[in-house]
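Asks: One structure, pasted below without further comment.
We did not get these values from a lab; they are worked out from the coordinates using the rules stated. Just so we're clear, the structure is a prediction, and the values are computed from it rather than from any experiment. No Cβ is skipped: glycine too gets one built from the backbone with ideal geometry, and neighbour counts run over all protein chains shown.
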Amino acid sequence: MSDNVIKFERRPKPKPPKQTPPWLKRLLAILAIIAFFVAAFAYFTLKSGAAGPTF
């Protein structure tokens, strides 16, 4: 007869999301800056140093 009874149970507590360590954030920022400068260097090298339109 107890098969027909609804059991109310508490939800399990949600786990907090894992936080990124500060050293990894700093490393990603440094890598992004280096990638920016490499891309700018490659762009200006391929464009033979022309910074803007030449009239």
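Asks: Subtract the Cα-Cα distance of Lys18 and Ile34 from 0.36 nm times their separation in residues, and report this length gain in nm to one decimal.
Replies: Going from the current span to full extension adds 3.1 nm.
Asks: Just grab the label-to-label distance for Tyr43 and Phe8, each label 7 Å out from Cα along the Cβ direction, in nm (one decimal).
Replies: That separation, rounded to one decimal, is 6.1 nm.
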